[in-house]
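Trainee: Once you've had a glance at the structure underneath, I'll fire off some questions.
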Amino acid sequence: MKKNNGFTIFIVDDDPWYGTLLEHFLKLNNDYKVERFESGADLLANLYKMPQVITVDFAMPGMDGGEVLKRIKEQLPDVPVIIISGQGEVKVAVSLLKKGAFDYIVKDDDTTDRLWNTILHIREMEKLRDEVATLKTEVGKKYSFQHGILGQSPPMMEVFKLMEKAAQTNITVSISGDTGTGKELVAKGIHYNSIRKSGPFVAVNMAAIPSELLESELFGYEKGAFTGANNRKLGKFEEANGGTLFLDEIADLDLGLQAKLLRALQERTITRLGGNKEIPIDVRIIIATHHNLKIEASEKKFREDLYYRLLGLPINLPPLRERGQDIVMLARHFVKVFCNENSISEKSISKNAIAKLMNYHFPGNVRELKSLMELGVVLCNGDIIEDADLNTQAGETTLEMLTYEKTLKEYEEDIIKHYLKKYNSNVLLVAEKLNIGKSTIYRMLQSKKIPSEFIGV
């Protein structure tokens, strides 16, 4: 059955005068199509017309409002039913609301106004549901396997196949791969293409939360569980109920919490910190790590029983350097997105720049490529990103720098030296690129912190 194109309201009231009153009042809104019936049986026989709202008189001969409500809910469970009654009995109202009535309105001088406002409220709810549905559709498109996650290389086509298989069931998924390969993006892609896509996607980075706080984050806590626990707090398991819980950097979870996680997964229940009630949970688990959990388990750094519980369907993300022409595809995509977001004229990438990208090993993977291309857009002169605009040495330089303990000032000096060398001692250009005053560079020269050869004097 399909809904009609208008907003249809059904009225059933055995009093022709009162029913006509409601009909004429509601028709003041030209968008409303109103149909009136004098018995519950007549209304039920016309439910095939799929009304958006139904008002039902409670006290009717033959079939009262309670029975009509029951029959409506059996056929059209999602259609709001408003009971209109001459009785102000609270017990009757509560009983009907429990049976699925949207509202209970007493017949008095304010009935029409209350009915009008209730229907407006229903329409607002309908609008919000449509907006939410549209947003979910857009999110689903964003994280579709080959729309939101770009790639045509053989290794990525294998990843897409596994993602599709994972989305068809509730099997636990374990995603491995180097930092920056897009593990959370894959997790979202699986969720938003699964039967749980209408449920929440909740991500927890185990490495980002102090171990002493992680238990309360995962399982929640009751009021008074510890100093500062002034209110009950739901944990990530409860937040993800009916959806997917993504546990990132799972290898960083300490052994004590690993035992509690294992129990939660086995029993499908959790207990809030400071509580004693077991709460049933319905979540799909996806984990991610850049560690080898099998090795971690063999070295007793990770519980072996939890490892096998979480293994599920393994998906290994290839490093960017093994994805061939995907590098160029992603580079162009990041440039386009960055230009659009910043209202910049679109840039192309020169052949030399492409060659440079293809010959680079990308220790930071996709995340590094994204940063590299965004910086390239900023640094390039004109509409073409040249190889000189791609500072591929930055990743290596950073790693080298962090190997040695230096002060912030020393790092600053090294960076300025690097840029002076890159831009042939052009102080004005370097000052512009680094967003610093040229006087800063000259002060470092005077103090001998930067040798004079770096600026040609």
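The values are calculated or read from the model by the stated rules, or taken from the named source; none is laboratory data. Model, not experiment: these values are computed from the prediction. Quick reminder, even Gly has a Cβ in these numbers, built from the backbone with ideal geometry, and neighbours come from all protein chains shown.
Trainee: Report, by residue number, each residue of segment 199-237 that is charged (D, E, K, R) and either assigned to a loop (DSSP other than H, G, I, E, B) or closer than 21 Å to residue 254 by Cα (or both). Steps first, answer last, please.
Mentor: Step one: of segment 199-237, the residues charged (D, E, K, R) are 212, 215, 217, 222-223, 232-233, 236.
Across segment 199-237, the qualifying residues are 212, 215, 217, 222, 223, 232, 236.
Trainee: If you don't mind, there's one more thing I want to ask. In segment 353-395, how many residues are surrounded by fewer than 18 Cβ atoms within 10 Å (Cβ to Cβ) and acidic (Asp, Glu)?
Mentor: 4
Trainee: Here's something else I'd like to know. Identify the single condition in (1) modelled with pLDDT of 90 or more; (2) buried (at least 17 other Cβ atoms within 10 Å of the Cβ); (3) over 27 Å from residue 265 (Cβ atoms) that residue 151 does not satisfy, given that it satisfies every other one.
Mentor: With (1) modelled with pLDDT of 90 or more; (2) buried (at least 17 other Cβ atoms within 10 Å of the Cβ); (3) over 27 Å from residue 265 (Cβ atoms) applied to residue 151, the lone miss is (1).
Trainee: Still on this model: Restricting to segment 434-457, count the residues that are modelled with pLDDT of 75 or more and closer than 17 Å to residue 389 by Cα.
Mentor: Selection size over segment 434-457: 1.
Trainee: Which one of 37, 10 is surrounded by 13 or more Cβ atoms within 10 Å (Cβ to Cβ) and under 42 Å from the mean Cα position of the chain (by Cα)? Quick ask: steps written out before the conclusion?
Mentor: On the way: 37 fails: under 42 Å from the mean Cα position of the chain (by Cα).
Going through 37, 10 in turn, just one is surrounded by 13 or more Cβ atoms within 10 Å (Cβ to Cβ) and under 42 Å from the mean Cα position of the chain (by Cα): 10.
Trainee: Restricting the search to segment 238-254, which residues are in a loop (DSSP other than H, G, I, E, B) and among the hydrophobic types (A, V, I, L, M, F, W, C)?
Mentor: The initial filter retains those residues of segment 238-254 that are in a loop (DSSP other than H, G, I, E, B), namely 240-243, 249, 253-254.
Those that are in a loop (DSSP other than H, G, I, E, B) and among the hydrophobic types (A, V, I, L, M, F, W, C): 240, 253.
Trainee: Give me the pairs, please: first residue somewhere in segment 202-213 and under 17 Å from residue 285 (Cβ atoms), second residue anywhere and in a strand (DSSP E or B) and not aliphatic (A, V, I, L, M), beta-carbon distance under 8 Å, and either six or more positions apart or on two chains.
Mentor: From segment 202-213, the pairs are 202/244; 202/246; 203/246; 203/248; 204/246; 204/248; 205/248; 206/248.
Trainee: Shifting gears a bit: So, residue 59, is that one at negative phi and at pLDDT below 90 or not?
Mentor: Working: at negative phi: yes; at pLDDT below 90: yes.
The answer is yes for residue 59.
Trainee: Can I ask one more? Taking the options 115, 96, name whichever one is at pLDDT below 90, surrounded by 14 or more Cβ atoms within 10 Å (Cβ to Cβ) and out of contact with any Asp or Glu (no Cβ under 8 Å at 6 or more places or on another chain). Steps first, answer last, please.
Mentor: Working: 115 fails: at pLDDT below 90.
Unique residue meeting the criteria: 96.
Trainee: Given the structure, is residue 75 under 30 Å from residue 164 (Cα atoms), surrounded by fewer than 14 Cβ atoms within 10 Å (Cβ to Cβ) and modelled with pLDDT of 85 or more?
Mentor: Details: under 30 Å from residue 164 (Cα atoms): no; surrounded by fewer than 14 Cβ atoms within 10 Å (Cβ to Cβ): yes; modelled with pLDDT of 85 or more: yes.
It is false that residue 75 is under 30 Å from residue 164 (Cα atoms), surrounded by fewer than 14 Cβ atoms within 10 Å (Cβ to Cβ) and modelled with pLDDT of 85 or more.
Trainee: For segment 380-406, give me each residue that is outside any loop (DSSP other than H, G, I, E, B) and at pLDDT 90 or above.
Mentor: Restricting attention to segment 380-406, the residues satisfying the condition of being outside any loop (DSSP other than H, G, I, E, B) are 384-385, 387-389, 393-403.
Of everything in segment 380-406, those that are outside any loop (DSSP other than H, G, I, E, B) and at pLDDT 90 or above turn out to be 384, 385, 387, 388, 389.
Trainee: What are the pairs with Cβ atoms under 9 angstrom where one residue, in segment 94-111, is on the phi > 0 side of the Ramachandran plot and the other, located anywhere, is part of a strand (DSSP E or B) and hydrophobic (A, V, I, L, M, F, W, C)? Sequence gap at least six, or different chains.
Mentor: The qualifying pairs are 100/81.
Trainee: Would you be able to say whether some residue in segment 43-53 is of a type in the set (Val, Ile, Thr) and without any contact (Cβ under 8 Å) to a residue 60 or more places away in the chain? First the steps, then the outcome.
Mentor: Within segment 43-53, the subset of a type in the set (Val, Ile, Thr) is 53.
Narrowing further to those that are without any contact (Cβ under 8 Å) to a residue 60 or more places away in the chain: none.
No, segment 43-53 has no match at all.
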